[in-house]
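Novice: Would you mind keeping the following structure in view while I ask a few things?
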Amino acid sequence: HETTFRAAIEALAAIEGLAGHLVAGRRGVARLRRQRAIVTALSGVAGVALLFWLLPRAPAFAGASASGSLDPSNSPERAIDGDPHTDWFPPDGELGWIEVTLGKSRAVNTVRVVLGNPPWGDRGTKDARIEARWNGIVVKGVDVTLPAPQKGDVVWFDVVLGAGKIDHVRFIPRSFYGHGAALAEIEVK
């Protein structure tokens, strides 16, 4: 009879597994409803996160312009190409400016710049003004003194800007190290 008894117990366990919520009583049904509500809510949150991740976003920058460049290999677009080993710099001994257009208007808390022109380190911006602009109007400006570029190193420097909604950031060298001003890369956060 032991074999028959074990088969009956296993069959009962299988039936309870399949229809347990129907015979579980009020507490079991309430627990099942809570579980389903939690799973549904988590699925909704995951779906929204997935959509946010999949939907196209505006790029950080729409373009860059400058007062001038030493030559085409140092154009202003090189400062926003994501490669800290490419750079913009004005003609030797000149200061000039570079302005980046944001992909969409937004608040910018921090501007990050790569100093000098790695890996050579023979030029770099010493003193600069960083301006946040909205429709051509300066809404915030910060003056900074940057450390001398180091040969071979990519050095990021963070500048707290704390600007509300803006559409452009202008980097204006005031003095320089070596042959002239330089900006290898710029990011906004």
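Novice: Name the one entry in 167, 153 that is farther than 18 Å from residue 62 by Cβ and either surrounded by fewer than 18 Cβ atoms within 10 Å (Cβ to Cβ) or charged (D, E, K, R) (or both).
Specialist: 153
Novice: Out of 99, 94, 131, I need the residue that is closer than 21 Å to residue 158 by Cα and touching a Gly at 6+ places or on another chain (Cβ under 8 Å). Which one?
Specialist: 131
Novice: Kindly indicate whether any position in region 59-74 is among the acidic types (Asp, Glu), at pLDDT 85 or above and closer than 30 Å to residue 172 by Cβ.
Specialist: There is at least one residue in region 59-74 that is among the acidic types (Asp, Glu), at pLDDT 85 or above and closer than 30 Å to residue 172 by Cβ.
Novice: Of the conditions (1) of a type in the set (Lys, Arg); (2) part of a loop (DSSP other than H, G, I, E, B); (3) modelled with pLDDT of 85 or more, residue 34 satisfies every one except a single condition; which number is it?
Specialist: Looking at each condition in turn, residue 34 falls short on (2).
Novice: Out of 127, 122, 87, report the one residue that is of a type in the set (D, E, K, R), in contact (Cβ under 8 Å) with a residue 40 or more places away in the chain, open to solvent by less than 40 Å² (accessible area, probe 1.4 Å) and touching a Pro at 6+ places or on another chain (Cβ under 9 Å).
Specialist: The match here is 87.
Novice: Confirm whether residue 26 is within 30 Å of residue 182 (Cα to Cα), open to solvent by 90 Å² or more (accessible area, probe 1.4 Å) and at pLDDT below 75.
Specialist: no
Novice: Next up: Kindly list, by first and then second residue, each pair from a residue in region 142-155 that is within 11 Å of residue 127 (Cβ to Cβ) and part of a loop (DSSP other than H, G, I, E, B) to a residue that is open to solvent by 50 Å² or more (accessible area, probe 1.4 Å) and of a type in the set (Phe, Trp, Tyr), limited to pairs with Cβ atoms under 7 Å and residues at least 6 apart or on different chains.
Specialist: Short answer, once both residue conditions are applied: 146/157.
Novice: With respect to the numbered conditions (1) surrounded by fewer than 19 Cβ atoms within 10 Å (Cβ to Cβ); (2) touching a Ser or Thr at 6+ places or on another chain (Cβ under 7 Å), which one is the sole condition not fulfilled by residue 179?
Specialist: (2)
Novice: Next question, about the same structure. Does at least one position in region 130-140 carry a residue that is open to solvent by less than 30 Å² (accessible area, probe 1.4 Å) and in contact (Cβ under 8 Å) with a residue 60 or more places away in the chain?
Specialist: There is no residue in region 130-140 that is open to solvent by less than 30 Å² (accessible area, probe 1.4 Å) and in contact (Cβ under 8 Å) with a residue 60 or more places away in the chain.
The values are calculated or read from the model by the stated rules, or taken from the named source; none is laboratory data. None of the values given here were measured: they were computed from a predicted structure. Every residue, glycine as well, gets a Cβ built from its backbone with ideal geometry; the counts of neighbours run over all protein chains shown. Keep in mind that these areas ignore ligands, DNA and RNA; they rest on the heavy atoms of the full protein, side chains included. Shrake-Rupley method; radii C 1.70, N 1.55, O 1.52, S 1.80 Å.
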